[in-house]
Amino acid sequence: NFEFIITTVSSDGLNDSWLGKCISKSDVNILKNLSEKYGFNLNFEGGEAETFVVDCPLFLNPIDIIKSEKIWDGYRGRFEIVDARLNYNA
């Protein structure tokens with residue numbers, strides 16, 4: 001029951017479409033195929049990507065991202081959270 005987004009990517013096979021994406025079970029299969037093709041660690045243990053948890057059983061309230069920016073240089077990028085708040089209505 002974890003919800004997380006990808007906040008940085010820096011590996012072949014991971015483009016800017018992954019930035020800010022909330023990862024679903026079907027995305028895990030896509031990432032697995034990409035990791036086999038491009039040779040990156042599926043757990044992102046080598047710095048290929050970073051994640052940010054927006055909701056999990058430990059949180060009293062999920063985090064809503066209000067404003068963000070994608071920064072992409074053609075090979076690597078980051079998803080910057082500019083404004084966020086707790087969702088007390090969830």
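Quick look at the numbers
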| item | result |
| --- | --- |
| Rounded to whole Hz, the Karplus (6.51, -1.76, 1.60) HN-Hα couplings of the stretch 11-21, x for glycine and proline | 8, 4, x, 10, 9, 5, 5, 7, 5, x, 6 |
| Derived scalar couplings ³J(HN,Hα) [the stretch 25-31; Karplus, 6.51 cos²θ - 1.76 cosθ + 1.60; whole Hz; x for Gly, Pro] | 4, 5, 5, 4, 5, 5, 4 |
| Two-decimal log10 I(q)/I(0) for the stretch 1-67, as the Debye equation yields it once each C-alpha is a single scatterer, q = 0.13, 0.17, 0.20, 0.27 Å⁻¹ | -0.37, -0.62, -0.82, -1.26 |
| Accessible surface of the chain [probe 1.4 Å, protein heavy atoms]: carbon and sulfur percent | 47 |
| Whole-angstrom Cα spans of the stretch 29-90 along principal axes, big to small | 42, 28, 18 |
| The chain: calculated mean residue ellipticity at 222 nm from DSSP helix runs of at least 4, using -39500 (n - 2.57) | -5000 deg cm²/dmol |
| Number of Lys pairs (Cα under 25 Å; 8 or more positions apart or on different chains) in the chain | 7 |
| Relative packing of 46-52, 69-75, which averages over residues the other C-beta atoms within 10 Å, highest first | 46-52, 69-75 |
| Average Cα contact separation per residue, the chain, under 8 Å, 6 or more apart, as relative contact order % | 35 |
| Distance from the stretch 26-42 to the stretch 1-19 (C-alpha centre basis), Å | 11 |
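The values are calculated or read from the model by the stated rules, or taken from the named source; none is laboratory data. Because the structure is a prediction, the values reported are computed rather than measured. For neighbour counting, all protein chains shown are included, and Cβ atoms are generated from backbone atoms with ideal geometry for every residue, glycine included. Keep in mind that these areas ignore ligands, DNA and RNA; they rest on the heavy atoms of the full protein, side chains included. Shrake-Rupley method; radii C 1.70, N 1.55, O 1.52, S 1.80 Å.
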